[in-house]
Amino acid sequence: MGEIRGNQPENGRMKYNTSTRRLPGFEYNSSGTIIITYSFPNGIQNESHPNPGKPYYGTNREAFLPDNSDGRHVLKLLEKAFQLRQIFTVGQSRTTGYDNIVTWNDIHHKTNIHGGMENFGYPDPTYLNRVQEELAAKGIM
């Protein structure tokens, strides 16, 4: 399977840094936390979006990975997915219901440090495997 390009707005940024704070479930097998920050300003939808020519609202999101070899591997895969414009799309937010907004595009992220799987947080012992499967389904390995 070849690389699949998405319709994520081109004006977004992805950056990351690290913290020595360890995530629940990774207290003994990581050196801390990788903090990913995504930011998208407002913009105008193009022909690949639901309402070409109309404005969309940007977003700022933060996500967390354990700072260990598996987490760093997932970070590299997420960077590739971002370059291929696959992490976000423009559409309706599943959480707020707002339309014409930059929203996640079916590659799950941990947006909370705590709270477990049901709150998009840790601990979640199968997350790193699941997200790699989601990325592989989009041709990113």
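Nothing in this text is a laboratory measurement; each read-out follows from the coordinates by a stated rule. Please read all numbers here as calculations on a predicted model, not as lab measurements. Neighbour counts run over all protein chains shown; Cβ positions are idealised from the backbone, glycine included.
Some points to look at:
- Degrees, to the nearest 10: 127-137 long Cα axis against longest axis of the chain: 40
- Residues in region 1-29 reached by a label modelled at Arg130 [backbone nitrogen below 19 Å; 7 Å Cα→Cβ]: 23-27
- Centroid-to-centroid, using Cα positions, region 79-141 and region 1-59 are 9 Å apart.
- Calculated on the alpha-carbon coordinates, the convex hull of the chain measures out at 99 cubic angstrom per residue.
- When peptides 4-16, 74-86 are sorted by average Cβ neighbour count within 10 Å, with the highest value leading, the order is 74-86, 4-16.
- Taking Cα atoms only, the orientation of helix 69-83 departs from the longest principal axis of the chain by about 10 degrees.
- Reduced Cα scattering model of region 32-80, Debye log10 I(q)/I(0), q = 0.25, 0.26, 0.32 Å⁻¹: -0.86, -0.89, -1.10
- Simple rule: put +1 on each Lys or Arg Cβ and -1 on each Asp or Glu Cβ in the chain, find the dipole, and look at Ser19, Leu65, His109; the Cα lying farthest toward the positive end is Ser19.
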